[in-house]
Amino acid sequence: MKIATLALYGFAVVLLAVGLRELLTGFEENRCSMTYMFEYPEYRRVALPRRVARLYPAYGLYLYGEGLYAQETRALKLAGAPVLFLPGNAGSYKQARSLGSVALRKAESMEGGLHFNVFTVDFNEELVALYGGSLLKQTHFLHESIKAILRLYKHLRTPPQSVVVVGHSMGGVVARALYTLPRFNPNLVSLIITQASPHLAPVLSFDPYLLDFYSAVRQRWVNQANKLRNVTVLSIGGGYRDYLVRSGLTSLPCSPKDPNKLSLVATAVPRTWVSTDHLSIVWCKELVLATVRAFFDLIDPETRQFTDNPEARLSVLTHHFIRNPVRMLGDAQDQPVSIVDSPETWSEVNTLRLAYSTPKEGQAKYFLFALSSRRRAYSHFYCRSSDLEMSGWVFGCMHKNGSSCAHAVDLSLGTELLSPYKVKNHLQGGPAECELLLSPNLLLPPQVLVLTLADLAAVTHLVVSASNLNGKQFTVECEWQRRASQTLTLPVTHVLSSGLTVSEATVPSSGLLHTIRLLHFHQVYQAFRITVASQCKAQKERLPNVYVMTVPWFREDSSTTVGVPSLTEISGMLHTSRSDNSSDVLLQLHTAPNCQYRVSVRTSLPRVLGQILRFYGAVVPVYTAVTLLLACGGQLSSILESGVAPMSRAVGKGLQPHKISLTVYILHFLLSCSWFQEIWSLFHLPVIDVLPPTTPDLTFNQDAAPPETWRHIVSPLLYVFGAAVAYWGSALLRVAIRLFSLTLAPLHRPSVSRDCGTLRPRTQLLFVLGLAVIGGTSCSALAMFTVFLLHLYRVLRLQMTERSLSHMLNLAPQKHKEAGNGTVGRRSEECNGAPLLSECSLQDVRDDLQLHLCLSALFTLPLVLNAPSLIHWSRNLRYSRQLDPDPCWPHIVPLIIVYMLLINGNTFKLRNSKLLPLASRLPLPLAVAVATFCPLHLYRITYFLLAALAPLALCGLL
């Protein structure tokens, strides 16, 4: 049985390690370019009113500057447009240097004197993602900072009326919380850009203040959606490299009918196309450049400040973050243009495909495609260019004059950008090798234009401009397409296939664009290895392939650029789910002509495990607590029957999904019935925890969203992971206790009494009073940590006593060993009157040691859950000696009393207690309650542990 238990938990920890490895390292390498400061950065502190400085001594407001600009703004006489950067969890105000430096350099390269004043807030690097007591304080300080910033521009003729806020991580959540303040004027902030901010829900909830803060922000933005419609919010997720905040949590919980609320992933941002981790999203040059470009386009030329027009803001953000065509904003779209050139510059194309590379010498060149003979046979016209200047290049001819076009309409507005690449040839004349472009300044990204022929009724010919008057070389490829014949359907493999089966499809034609519809791919727990193999008949130089995976229901597209021929593996995973099967993920292949392509899809078990941990990894600590509760209940039951079971055996038997997961599933099913809901509400029971939905459509009305069924499917696996953590964590605890006891043994005399490390009642009372005072006047988590150390000392003394007794009995004569007529496992009642140096005494000490080892594992959970508040208190000691608010107060008082009583507890007292039958039956229903009410509210674990340990503590008295 022990071997089977070891094998089970060994296999479970291997699966957990595989999932963690995939979660932490199973992503692309960091392709972000670093932003560098050209001059030494300076942070000029902005003086705040005395009242504000006295209320928030740990916070500060700074102005970023470099070189000459820093000297010019030393007196804080500012004339630029204000931008305020907010750091996130444990973030530094100095993280604003990337945004500030890039904005400063771009302003120096432009004419007109437009520039930005980048401010940054110092939040003392507080752990607000784990301790929510400071979030409201940060929000109030942010309000005061915004008012102080606007006061710096009073000397201007047209001072700014609002501030643009850029928030990283929890800073973005604090920025949205501004609108919950009763005295906040919504006109002070009309544009918020957030980076990797968990808007939907906190990643972990260690205290109630964090969830209350989120609830207030959510209710404000949902209930007052019409009043906040003019506020533009852009939320950017980092992608799979960000394992701290998954991109699904960055989705804004706002109405889908509100166009001013945009949510997307960095991999879908034009000119960026990279995934960022939680910190690099601040300094990633590609994303910073997109942000700064948008800022300059948002400036009103008349006021030289940010525009107050919501439609203009939405247009600019859409241009730079969602779809970046070659046409600049504000250009005329429908006015006809006249193309006048000599007849020899015109060529009419009668073939189905055009591939043209410009010569080194500059020349004017135009290609004509007649629509009259192609409308019935083809549905779309596709063009792709490489290294083409960002200008109009495809036109619709409305009046043809001989071999040229007299009047045409520019159709280039629909052009989209692909992820950039550059090509270098092998010295041996082999196939072209593709390199991803790291800096958008090195090479222009390829442009793609797809025209629907049904929308071009007034156009007679299509004109493709291939002129390179400046002598710069580029390539143009165009073709007529039948969209139906170039779209394939490929069903994905089942998630339980574990990679043993494969689904394949071969691209039948050799066109420039193919679309693969991945059927039944719409859930976040699905993960695939998508392999695209390309082979070409002739070895010649070709443009590299670009594979774009498009998710129709959320902006989380990703691109992959490879050479030709190649064998490429694409990671098929999702950040969000689809509530229905109305749409599927699309894989667009921008391919090379005269090449064959084969696409295969195979389920990846490591990535499936990684996805499960990414979305529901926070439930693993809950099942760890469930396992330890059941282990404690098993030990108490064994005390009633024969003797104390070893801790390893008790924890090993804590895996009981038939009692926990099945009961929770039945409870969820009953709550779907109205009659059971009425009974539930009569008892004023709390609402069952429902984790944040993974579907964007449900984020706006999360309270009415039904629980996702796949969570119940994977809950047994999460239970196994939690049990594995409890099993191997308890084993590590036992090893640590043995090592520490060896260290402390020389400082104590050998003891043979089971009462070693106990406290007298008077001492217990003094400790209870003293620790209660400490918890009320400083930090409750500090008092909890002190009690944990006292109990840990008790366990160490028991470990040293057990070792001393074992050594003494091994050295003692045989008659002393048998003096008590005791054997291993004999009850204490049968050993009454036995000498201290006997097997009975040794067994009593071992029983007490196993019991207190299990209690130590249980005590570790509240300590870990309240560690963030202890860390926050210790880092703010120079500002305040008392933690306010304290999430542990006042329930720390009964917890201290229970812990102090359990320190003196032993198996003899428990066995003779009348409350032991009740205490042994409580852990099971409480474990069910933990699995039901704690997945979202992790701090509730402490309450249920207290309810389980309180009767056990009373067993020593009654």
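Brief remarks on what is shown
- Residue 484 paired with residue 921, simple spin-label distance in nm, labels 7 Å along Cα-to-beta-carbon: 7.1
- Amide hydrogen proximity for residue 305: with H placed 1.01 Å from N in the peptide plane, the residues at 5 or more positions away or on another chain lying under 5 Å are 300.
- Length gained when the stretch residue 809-residue 7 is fully extended (0.36 nm per residue, less Cα-Cα span): 285.3 nm
- Relative contact order computed over the range 842-958 (Cα-Cα under 8 Å; 6+ residues apart), in percent: 34
- Axis of helix 208-223 versus longest Cα principal axis of the chain: the two differ by about 30°, to the nearest ten degrees.
- Sequentially through the range 279-292, phi angles give Karplus couplings (6.51, -1.76, 1.60; θ = phi - 60°) of 9, 5, 5, 6, 10, 4, 4, 4, 6, 5, 4, 4, 5, 5 Hz, Gly and Pro residues having no value and appearing as x.
- Cα shape, the range 31-322, gyration tensor, a/c 1.5 rule: rounded
- The calculated 222 nm mean residue ellipticity attributable to helices in the chain amounts to -12000 deg cm²/dmol, summing -39500 (n - 2.57) over DSSP H runs of n ≥ 4 and dividing by all residues.
- Computed across the chain, the Kirkwood hydrodynamic radius from all distinct Cα-Cα pairs reaches 32.1 Å.
- Residue 728 accessible area, 1.4 Å probe, all protein chains in place, Å² to nearest 10: 90
- With both labels modelled 7 Å from their Cα along Cα-to-Cβ, the residue 863 to residue 373 distance reads 8.4 nm.
- C-alpha long axis of helix 940-954 to longest principal axis of the chain, angle in °: 0
- Estimated at the nearest 10 Å², the accessible area of residue 373 is 80 Å² with a 1.4 Å probe.
- Under the shape rule built on the C-alpha gyration tensor, where the axes satisfy a ≥ b ≥ c, the range 183-265 is oblate, since a/c reaches at least 1.5 while a/b does not exceed b/c.
- FRET efficiency, residue 667 to residue 215 (Cβ-Cβ, R0 35 Å, nearest 0.05): 0.90
- Protection proxy ranking, peptides 653-666, 74-87, average beta carbon neighbours within 10 Å, highest first: 74-87, 653-666
- Distance from the range 209-268 to the range 834-910 (C-alpha centre basis), Å: 40
- Taking the longest Cα principal axis of the chain as reference, the axis of helix 97-108 is set at about 20 degrees.
- Extending 7 Å from Cα along the Cβ direction at residue 581 and again at residue 155 yields two label points whose distance is 6.9 nm.
- Extension gain (nm, one decimal) between residue 773 and residue 296, 0.36 nm per residue minus Cα-Cα: 166.1 nm
- Gain on full stretching of the segment that runs from residue 685 to residue 763 - 0.36 nm per residue minus C-alpha separation: 24.2 nm
- 14 Å beta-carbon shell around residue 533, net charge (K/R +1, D/E -1): +1
- Low-density loop positions, GluC sites (Glu not before Pro), the range 474-543 - DSSP coil, at most 14 other Cβ in 10 Å: 541
- Remark: for residue pairs 137/227; 360/400; 106/285; 365/472; 106/261; 106/472, the C-alpha separation exceeds 22 Å in 137/227; 360/400; 106/261; 106/472.
- In terms of the mean number of neighbouring beta-carbon atoms within 10 Å, the peptides 54-62, 733-741, 927-935 order highest first as 927-935, 54-62, 733-741.
- Residue order for 767, 683 - accessible surface, 1.4 angstrom probe, largest first: 683, 767
The values are calculated or read from the model by the stated rules, or taken from the named source; none is laboratory data. For clarity, every value in this text was computed on a predicted model and none was experimentally measured. Here Cβ is always computed from backbone atoms with ideal geometry, including for glycine, and neighbour counts include all displayed protein chains. For accessibility, only protein heavy atoms count, side chains too; no ligands or nucleic acids. Shrake-Rupley method; radii C 1.70, N 1.55, O 1.52, S 1.80 Å.
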